[in-house]
Amino acid sequence: MKRERLVSLPIALGLSVIGFIYYATVFVVIDGWMGLWTSNGLMNAAAFTALAFMSVLTYAMAIAGDPGHVPSSFAPDVEDSDGTLHEIKRKGGDLRYCQKCSRYKPPRAHHCRVCRRCVLRMDHHCVWINNCVGHSNYKVFFVFVLYAVIACVHSLVLLVGSAADDVHMDQHQNGGSFKTTYIICGVLLVPLTLVLTVLLGWHIYLILHNKTTIEYYEGVRAKWLAEKAGNTYRHPYDLGVYENLVSVLGPNPFCWICPTTGHIGSGLRFRTLHDSFLPTMSR
């Protein structure tokens, strides 16, 4: 099901903030402190422009990209001999079936009430991209947050350095509008940098454990129930740190910061711990 609106109020607000921070960083902070046409000014402006470009590009890709839909022809093969993991309902033990979409759910898929459809390997619905973060756009979303954090830190360092230099040199020749721009930029940058850094750290943790946000909270309950029964619980898709990184970001480490998705597969089946044990058990 297609979304009714591609651009929402939060997206418009986000793009406005990005545009203002870019203008303030390049044409107010860098130009006023280093001079835009000096070697240091050009180097910092070029670096920040590249970061801003990648942030906007990946942001647009996360907004417009399909997070991953369940094919209408999908049906779980319960007689599959390849060790495919079939997720079942907590109550009754039946295969997971979405009553709203009238089709079976593949492993790690969940129904989004906002998008009104099932999303493959759903992580969460993000109002800031007016889209779900799922199997097909998760890496793009992660790379966007990564570039956004680096850009915010770069801008914040320049802003603090420029302000400190002004105080040290006791310069007051800048107009009131420039001082206002400094203040607004700082008010936006500090909380934005903190929030995005926390978000980045959270998703790094999830990637290292090959979990989604939904699976993390499901795992908390599953671990509690397992410990209550005297058993141990391990996330079935946790293949080890490196394999988890490869599974989410791709086999080439040089492409981990690129918004590429050619490695992700169909999203209907994922490697599990059980798959890792099969070769050993068959010997």
Inset, instruction - Mind giving me the FRET efficiency for Val127 and Thr197? R0 is 25 Å, r the Cβ-Cβ distance, nearest 0.05 is fine. - result: 0.80
Inset, instruction - Give the ranking of His203, His111 by solvent-accessible surface, highest area first, calculated with a 1.4 Å probe. - result: His111, His203
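Using the heavy atoms of the protein chains alone and a 1.4 angstrom probe, what is the accessible area of the stretch 1-60 per residue in square angstrom?
Heavy-atom SASA per residue in the stretch 1-60 reads 58 Å².
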Legend entry - J(HN,Hα) series, the stretch 191-204, from Karplus relation 6.51 cos²θ - 1.76 cosθ + 1.60, nearest Hz, glycine and proline x: x, 5, 5, 5, 5, 5, 5, 4, 4, 5, x, 4, 6, 5
Inset, instruction - Apply 1/(1 + (r/R0)^6) to the Cβ-Cβ distance of Thr180 and Ala46, taking R0 = 22 Å, and write down the FRET efficiency to the nearest 0.05. - result: 0.25
Legend entry - Net length gained if the chain between Leu57 and Arg234 were fully extended (0.36 nm per residue, minus Cα distance): 60.1 nm
Legend entry - Accessible area (Å², 1.4 Å probe, nearest 10) - Val127: 80 Å²
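Taking all protein chains together and a probe of 1.4 Å, list Leu194, Leu158 from the most accessible to the least accessible.
The residues order as Leu194, Leu158, largest area first.
The values are calculated or read from the model by the stated rules, or taken from the named source; none is laboratory data. Bear in mind that the values here come from a model prediction, so they are computed numbers and not experimental data. Positions of Cβ are generated from backbone atoms using ideal geometry, with glycine treated the same way; all protein chains shown enter the neighbour counts. Please note that ligands, DNA and RNA were not included when accessible areas were found on the heavy atoms of the full protein model with its side chains. Shrake-Rupley method; radii C 1.70, N 1.55, O 1.52, S 1.80 Å.
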